[in-house]
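Below is one structure, written out as structure tokens, with a few remarks after it.
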Amino acid sequence: MPAEVTVVGVGADGWDGLSPAAQSAVLAADVLMGSARQLALVPTVEAERVKWPSPLSEALPGLLSQYAGRPICVLASGDPTFHGIGTTLTRLLGADAVRVIPHPSSVSLACARLGWPQDQVQVVSLVGHPTERVHPHVQPGRRLLVLSWGAHTPAEVAALLAERGYGASELTVLEQLGGPSERVRTATASEWSYDVDALNVIGVLCQAGADAALLPTVPGLPDEAYESDGQLTKREVRAVTLSRLAPVPGQLLWDVGGGAGSIAIEWSRHHPACRAIAIERDPERAKRLDRNVANLGALVTTVVGPAPAALDGLETPDAIFIGGGATAPGLIDACWNALRPGGRLVLNGVTLETEALIAQWYGELGGDLVRLDVQRASAIGTMTGWRPAMPVTIWSVTK
């Protein structure tokens with residue numbers, strides 16, 4: 001590996017927008033790496049030009065080894081450590097081996113044009129991700145900056161907003177920011193119809209219509225938010241269950257017996273860095289679960305197969321929820337053994353057989369044991385009375 005790699009952030013203004021230090025780094029390089037667009041932004045120099053291959057992540061270690069011993073300068077868009085190659089190189093080589101010379105990021109430039117305070121803006125990257133990732137951040141009055149994956153992204157975001165009941169939201173697309181071809185255009189999401197440059201950032205001022213469903217990121221979304229065949233952890237139980245699972249940014253949940261996926265989805269929606277794996281044995285339910293994941297913009301991977309066999313080889317979880325199939329031989333043992341130290345295991349039971357297992361494990365490991373009885377008001381003739389749901393026993397324990 002090279003002794004040091006210099007990463008230079010380049011804006012749409014190209015060479016003239018670089019600081020003297022950045023220009024010196026480019027001129028001193030023996031090897032200049034970057035995309036075709038980035039390489040075209042700097043003047044011809046004696047350095048060997050290497051265009052990024054695709055896929056880059058797999059080829060990068062070998063590429064760096066190939067040019068080891070020669071001064072390397074990597075060109076990046078804007079700020080290289082903001083959703084950029086600078087972070088990848090630092091993770092690969094270590095911070096001491098990477099020198100980063102940043103340029104203003106697309107976010108800082110967009111906020112400057114829009115007059116938005118950066119500390120009050122939610123940034124959502126759709127580079128390599130589905131448009132549905134925007135869903136958790138679409139909230140009344142929220143300001144979003146969406147990093148586009150291409151010329152198609154603004155129209156897809158506009159359609160998503162309109163479908164969610166946010167068609168009145170103000171959509172501003174900023175193209176070629178900082179360059180001579182910079183262009184800024186604004187319209188409501190429901191009226192967006194422009195063709196745009198592939199290099200763009202989208203500013204969204206969310207405006208909810210009267211019929212827009214409120215879907216916050218706190219636990220306990222309305223049951224109607226999910227497509228279900230009845231295998232759904234109900235709203236009140238879901239909120240208590242997630243409080244026991246205690247979502248933490250960057251951590252991973254296993255949702256064993258995923259059903260409609262509500263626990264995994266609401267864990268993931270808690271924070272953009274929360275991830276979940278839902279294990280569901282029924283293929284049709286797994287497809288329904290995936291549709292719920294897409295409709296609510298969650299970061300959930302579905303594994304189809306019966307547990308505990310389907311758990312083999314999965315990434316070590318920080319928390320596990322067992323919502324179905326707890327009586328399968330060896331399931332609780334497998335989950336407890338897979339859980340990392342400090343992780344949380346939560347098991348919900350409604351049958352006597354599952355409650356017997358819970359009592360046994362509670363006796364061995366301790367933890368917290370609660371029983372929820374939820375009653376809902378409903379019509380009884382011309383009057384209103386209480387109809388009880390099945391009581392749910394919730395056992396939670398920390399390893």
Answer residue from segment 1-32, given it is open to solvent by 70 Å² or more (accessible area, probe 1.4 Å) and assigned to a loop (DSSP other than H, G, I, E, B) and is nearest to Val100 (Cα to Cα) among those: Glu4
Any chance Asp96 is closer than 24 Å to Gln176 by Cα, acidic (Asp, Glu), open to solvent by 60 Å² or more (accessible area, probe 1.4 Å) and in a helix (DSSP H, G or I): no
Evaluation of Gly343 against (1) open to solvent by 80 Å² or more (accessible area, probe 1.4 Å); (2) in contact with an Asp or Glu (Cβ under 6 Å, 6 or more places away or on another chain) (one fails), failing number: (1)
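Kindly indicate which of Leu345, Leu365 is in contact with a Cys (Cβ under 8 Å, 6 or more places away or on another chain) and modelled with pLDDT of 95 or more.
Result of the check over Leu345, Leu365: Leu345.
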Members of segment 33-56 found to be assigned to a strand (DSSP E or B) and under 32 Å from the mean Cα position of the chain (by Cα), listed by number: Met33, Gly34, Val50, Lys51
Matching residues in segment 91-127 - criterion: being free of Cβ contacts under 8 Å to residues at least 12 places away in the same chain and of a type in the set (Lys, Arg): Arg91
Within segment 120-230, strands (runs of 3 or more DSSP E) holding 3 or more residues that are buried (at least 19 other Cβ atoms within 10 Å of the Cβ): 143-147, 170-175, 200-205
Ala198 vs. criteria under 24 Å from Asn295 (Cβ atoms) and either touching a Ser or Thr at 6+ places or on another chain (Cβ under 7 Å) or not polar (S, T, N, Q) (or both): no
Unmet requirement for Arg91, which otherwise passes all of (1) assigned to a helix (DSSP H, G or I); (2) touching a strand residue (DSSP E or B) at 6+ places or on another chain (Cβ under 7 Å); (3) surrounded by fewer than 15 Cβ atoms within 10 Å (Cβ to Cβ): (2)
Some residue of segment 371-378 being open to solvent by less than 40 Å² (accessible area, probe 1.4 Å) and either farther than 18 Å from Ile263 by Cβ or assigned to a helix (DSSP H, G or I) (or both): yes
Residues that are within 19 Å of Ile332 (Cβ to Cβ), touching a residue at least 12 places away in the same chain (Cβ under 8 Å) and open to solvent by 50 Å² or more (accessible area, probe 1.4 Å), drawn from segment 267-315: Arg281, Pro306
Residue within segment 103-115 that is within 30 Å of Ala210 (Cβ to Cβ) and assigned to a loop (DSSP other than H, G, I, E, B) present: yes
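Yes/no matrix, rows are residues, columns are (1) farther than 17 Å from Ala110 by Cβ; (2) within 22 Å of the chain's Cα centre (by Cα):
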{"site": "Thr153", "(1), (2)": "no, yes"}
{"site": "Leu177", "(1), (2)": "no, no"}
{"site": "Glu191", "(1), (2)": "yes, no"}
{"site": "Val196", "(1), (2)": "no, no"}
{"site": "Val204", "(1), (2)": "no, yes"}
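Against the condition at pLDDT below 90 and of a type outside the set (A, V, I, L, M, F, W, C), how does Gly69 come out, does it pass?
The answer is yes for Gly69.
The values are calculated or read from the model by the stated rules, or taken from the named source; none is laboratory data. Treat the numbers as computed from the prediction; the structure is a model and nothing was measured. Don't worry about glycine lacking a Cβ; one is built from the backbone with ideal geometry, like all the others, and counts go over all protein chains shown. Ligands, DNA and RNA are stripped out before the accessible areas are found, and what is left, the full protein with its side chains, is counted by its heavy atoms. Shrake-Rupley method; radii C 1.70, N 1.55, O 1.52, S 1.80 Å.
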